[in-house]
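Everything on this sheet refers to the single structure shown next.
The values are calculated or read from the model by the stated rules, or taken from the named source; none is laboratory data. Here the structure is a predicted model, which means the values were calculated and not measured. With ideal geometry, Cβ positions are generated from the backbone for all residues, glycine too; neighbour counts draw on all protein chains shown. Heavy atoms of the whole protein, side chains included, go into the accessibility calculation; ligands, DNA and RNA do not. Shrake-Rupley method; radii C 1.70, N 1.55, O 1.52, S 1.80 Å.
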Amino acid sequence: MNKNKFTIKDLQVYLIFGVGVVLALLTQSKFLGAIFLVFYVFVVYFALNQVRQIDDYLTQRIEDLKLDFDKATEHAIFNMPFPLVITTCQGQVVWYNTPFLKLFEDEKILDEDLGKVVPALKDVDLRQTQDKDSLSIKLGDQYYRVHANVVDTTTTSSEEDRLIMLYWVNDSKYEDLMEVYQREKSIVLLVEIDNYDEVMDGTPTNVRPIIQSQVDQILNQYFHDKEALVNKYDDESYLVVLNQHNLEICRQDRFSILDTARAIDVGNTLSLTLSIGASSGDLPFKKAYEEAEACLNVALGRGGDQAVLRKENNYEFFGGESKAVEKSNKVKARVLGNALKQLVEKSETIYVMGHTNPDMDAIGSAIGVLRVAENCQRPAHLVLNQSNPSISTLVTRMKEEAPDHYEGILSGEEALEKIKDSDLLILVDNHKPSFTIHPDLVAAAKNIVVVDHHRRGSEFVANPVLVYVEPYASSTSELITEMLSYMGNDTRLTPFEADALMSGIVVDTKNFTFQTGVRTFEAASLLKRAGADMGRVRKLFEDDFETITMKSEVIHKSKIVFDHIAIGRLVQEAENSVLVAAQAADDLLHIYGIRASFVLTKHNGKIHISGRSFEDISVQLILEKLGGGGHLNMAGAQLDVATIDEAEEALMGAIEEYMEEGEKKK
């Protein structure tokens, strides 16, 4: 029954009441009852007639209203001022209005797949678009916000037969405004001369003002062309404010100001280098300044001569192709040495940890820290899960000559169970938590010190209490030796400890040939006076016959790419495969014409890459593209891929990208 119409049932209460009255009157008087019955029948007839008329009137009104609404809807759709298209759920165009047709000029679009007409909708499920607020589509130079509505029709028999109406609202003004906003976002840059004191000290007095004026001139000119505000607030420091659009121009020319500054030559013996830290957009000026300062610190921690930009939750690096300059000023080493001593004295227990697959530098510098703790009369533990061929000879000597140090060795799990808030964790030869022997220990420690000589990467320990990251240093062992020398007149180093620190310097300098400065030899001299013996140190690096054979095989089967880069493979997986790969990469550099070398090997389910180079090629920048890091001339990476072939393909891609970036700068 149609609930929208009046029927006799709508009056049944009144009819029943009337029948009751008639029956009551008939029992009292048949005459009165008969008269009332006739009247009652007339009333019922009249009421039913009125109900029928009212129902017919309402029905007509509803039909007229529906007709008017259909006409209004039809008029609205056909005369809608913005584009409208109707498709099937499969995306076939069944109808469109004139404004929509104008978007495609003379194209035939009826019965076509909308995904072919509008490529941006090719992989979009139109049935799901109704659940979204809208879709943003660009056609030509116009932007549209597309709203969808799934329509049920009386003729459809299934969901697949429904129609979809897509309303296209021109959003170009909003997009233009958004583009202007993005272009004009304010960016804060901090620029610092890395080696100001060293350059000035090595320059005649009469030339120093010329150097300073040239730096001011090139900086002001470079940023003036980009409509930036430049403020010099110190002899070696500048504050720059520019917009996002001009920052993109700096990014495209890869901060050519770095090369311009390095080319200054007016009698200075050292090349002048700059470091730049840039904030991201959408930040208040105070926050932007703090972020730019953090980026500048990252640039300085990586050795300077580079620009570091904040990019979402990571960093973007430009430059960094020159060798870190050795600092002649030892004030920092003295200050940080005393600070480390105070931290050790205030702590209950000291834990020292290096990187995964520790080498001689990691263990040697860790042993140096154990000496610091012993001098401060604090218990200390070396965190080491297991030995490896790189350090096995040194660990064996430790067991025999320094039993106290050896007995204090703890695994990562044991250290995690013991460490307390009052303890101090010292990370050596590494600053990345994920590269440590036990990352959970880093997360649990409340007080962390970082001592490292690798260029700082995007990953870093959160909130360390003390940081000493100096890329100019040959090794972490050199830094620890220097710090020891400032903690008291007597370092109390034993011959074994001196040998351990010396081995760290030897392994990272390749027998004092790479990354070696005056302070490296000064540290070696101190260790020599403490009892280090180069004969004993040399024995720590002796290889067995099998190792020599594996290295020879790697070199024999290596190939040359890009005319001067050697790539080798160590297919045989062995306990010392990472060590063999590193040594083979060193040996490949001895081949005439080779400027860089990479050796790949598989170990513990990952592909390890060891990179070595001369100064004109940065293996650090190449391997950073693969998630690794290190120094300009010595770096490494670990790839979580199945085969060496996949790793080599990724390496080739990184090398090509590095070479292309170098070409763009020319």
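Go through (1) closer than 25 Å to Glu345 by Cα; (2) out of contact with any helix residue (DSSP H, G or I) (no Cβ under 8 Å at 6 or more places or on another chain) for Met483 and report which single condition fails.
Failed condition: (2).
What are the residue pairs meeting all of these: first residue in region 232-245, first residue open to solvent by 20 Å² or more (accessible area, probe 1.4 Å) and of a type in the set (Phe, Trp, Tyr), second residue modelled with pLDDT of 95 or more and assigned to a strand (DSSP E or B), Cβ atoms under 7 Å, and 6 or more apart or on different chains?
Close Cβ pairs satisfying both conditions: Tyr233/Leu239.
Could you say which residue among Ala373, Ala339 is surrounded by fewer than 21 Cβ atoms within 10 Å (Cβ to Cβ) and of a type outside the set (Lys, Arg)?
That would be Ala339, the only listed residue that is surrounded by fewer than 21 Cβ atoms within 10 Å (Cβ to Cβ) and of a type outside the set (Lys, Arg).
Which one of these is open to solvent by 50 Å² or more (accessible area, probe 1.4 Å), at pLDDT 90 or above and in contact with a Lys or Arg (Cβ under 7 Å, 6 or more places away or on another chain): Asp440, Asp421?
None of the other options fit; the residue is Asp421.
Please work out which residue is surrounded by the fewest Cβ atoms within 10 Å (Cβ to Cβ), limiting yourself to region 518-541 and to residues that are closer than 23 Å to Arg612 by Cβ and of a type in the set (Gly, Ala, Ser).
Taking the candidates together, the pick is Ala524.
Which condition does Val85 not pass, out of (1) at pLDDT 70 or above; (2) closer than 19 Å to Arg162 by Cα; (3) part of a helix (DSSP H, G or I); (4) among the aliphatic types (A, V, I, L, M), if it passes all the others?
Tallying (1) at pLDDT 70 or above; (2) closer than 19 Å to Arg162 by Cα; (3) part of a helix (DSSP H, G or I); (4) among the aliphatic types (A, V, I, L, M), Val85 fails exactly one: (3).
Within the bounds of region 401-413, is there any residue that is free of Cβ contacts under 8 Å to residues at least 60 places away in the same chain, within 30 Å of Ser275 (Cα to Cα) and open to solvent by 30 Å² or more (accessible area, probe 1.4 Å)?
Scanning region 401-413 turns up no residue that is free of Cβ contacts under 8 Å to residues at least 60 places away in the same chain, within 30 Å of Ser275 (Cα to Cα) and open to solvent by 30 Å² or more (accessible area, probe 1.4 Å).
Quick one: would you say Pro204 is touching a residue at least 60 places away in the same chain (Cβ under 8 Å) and either open to solvent by 40 Å² or more (accessible area, probe 1.4 Å) or of a type in the set (Lys, Arg) (or both)?
yes
Among Ile164, Ile210, which is the only one that is of a type outside the set (Gly, Ala, Ser), surrounded by 19 or more Cβ atoms within 10 Å (Cβ to Cβ) and modelled with pLDDT under 95?
Just one listed residue meets the conditions, Ile164.
I want to confirm something. Restricting to region 94-138 and keeping residues that are assigned to a helix (DSSP H, G or I) and at pLDDT below 75, which single residue is surrounded by the fewest Cβ atoms within 10 Å (Cβ to Cβ)?
Asp131
Between a first residue in region 306-322 that is under 18 Å from Tyr658 (Cα atoms) and at pLDDT 85 or above and a second residue that is outside any strand (DSSP E or B) and open to solvent by 20 Å² or more (accessible area, probe 1.4 Å), which pairs have beta carbons less than 7 Å apart while being 6 or more apart in sequence or on different chains?
Hits for this filter: Phe318/Arg254.
Please determine whether any residue of region 192-206 is under 26 Å from the mean Cα position of the chain (by Cα) and not small (Gly, Ala, Ser).
Checked region 192-206: at least one residue is under 26 Å from the mean Cα position of the chain (by Cα) and not small (Gly, Ala, Ser).
Identify the single condition in (1) closer than 30 Å to Leu139 by Cβ; (2) surrounded by 13 or more Cβ atoms within 10 Å (Cβ to Cβ) that Ile193 does not satisfy, given that it satisfies every other one.
(1)
Tell me whether region 542-552 contains one or more residues that are touching a helix residue (DSSP H, G or I) at 6+ places or on another chain (Cβ under 9 Å), closer than 19 Å to Glu401 by Cβ and open to solvent by less than 70 Å² (accessible area, probe 1.4 Å).
No.
Any chance you could count how many residues in region 371-394 are assigned to a helix (DSSP H, G or I) and in contact (Cβ under 8 Å) with a residue 60 or more places away in the chain?
Adding up the residues that qualify gives 6.
Among the residues of region 140-157, is there at least one that is surrounded by 10 or more Cβ atoms within 10 Å (Cβ to Cβ), outside any strand (DSSP E or B) and modelled with pLDDT of 70 or more?
No, region 140-157 contains no residue that is surrounded by 10 or more Cβ atoms within 10 Å (Cβ to Cβ), outside any strand (DSSP E or B) and modelled with pLDDT of 70 or more.
Test Ser365 against the criterion of being buried (at least 16 other Cβ atoms within 10 Å of the Cβ), within 20 Å of Ser475 (Cα to Cα) and hydroxyl-bearing (Ser, Thr, Tyr), and give yes or no.
So Ser365 passes the test.
Applying the selection to region 461-504, what residues are touching a strand residue (DSSP E or B) at 6+ places or on another chain (Cβ under 7 Å) and either open to solvent by less than 10 Å² (accessible area, probe 1.4 Å) or in a loop (DSSP other than H, G, I, E, B) (or both)?
Val461, Pro464, Val465, Tyr468, Thr476, Leu479, Ile480 - these are the residues of region 461-504 that are touching a strand residue (DSSP E or B) at 6+ places or on another chain (Cβ under 7 Å) and either open to solvent by less than 10 Å² (accessible area, probe 1.4 Å) or in a loop (DSSP other than H, G, I, E, B) (or both).
Being open to solvent by less than 10 Å² (accessible area, probe 1.4 Å) and touching a Ser or Thr at 6+ places or on another chain (Cβ under 7 Å) narrows it down to one residue among Ala307, Ala278, Ala333, Ala299; which is it?
Matching residue, one of Ala307, Ala278, Ala333, Ala299: Ala299.
A quick yes/no check of all residues on (1) under 28 Å from Thr513 (Cβ atoms); (2) open to solvent by 70 Å² or more (accessible area, probe 1.4 Å):
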{"position": "Glu615", "(1), (2)": "yes, yes"}
{"position": "Val619", "(1), (2)": "yes, no"}
{"position": "Glu624", "(1), (2)": "yes, no"}
{"position": "Gly628", "(1), (2)": "yes, no"}
{"position": "Asn633", "(1), (2)": "yes, no"}
{"position": "Asp640", "(1), (2)": "no, yes"}
{"position": "Ile644", "(1), (2)": "no, no"}
{"position": "Glu656", "(1), (2)": "no, yes"}
{"position": "Met659", "(1), (2)": "yes, no"}
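Only one of (1) in contact with a helix residue (DSSP H, G or I) (Cβ under 9 Å, 6 or more places away or on another chain); (2) among the hydroxyl-bearing types (Ser, Thr, Tyr); (3) surrounded by fewer than 16 Cβ atoms within 10 Å (Cβ to Cβ) is not met by Tyr222, so which one is it?
(3)
Just to be sure, is Ser434 of a type outside the set (D, E, K, R), under 30 Å from the mean Cα position of the chain (by Cα) and in a loop (DSSP other than H, G, I, E, B)?
It is false that Ser434 is of a type outside the set (D, E, K, R), under 30 Å from the mean Cα position of the chain (by Cα) and in a loop (DSSP other than H, G, I, E, B).
Is region 591-609 home to any residue that is out of contact with any Asp or Glu (no Cβ under 6 Å at 6 or more places or on another chain), small (Gly, Ala, Ser) and on the phi > 0 side of the Ramachandran plot?
So far as region 591-609 goes, yes, one or more of its residues are out of contact with any Asp or Glu (no Cβ under 6 Å at 6 or more places or on another chain), small (Gly, Ala, Ser) and on the phi > 0 side of the Ramachandran plot.
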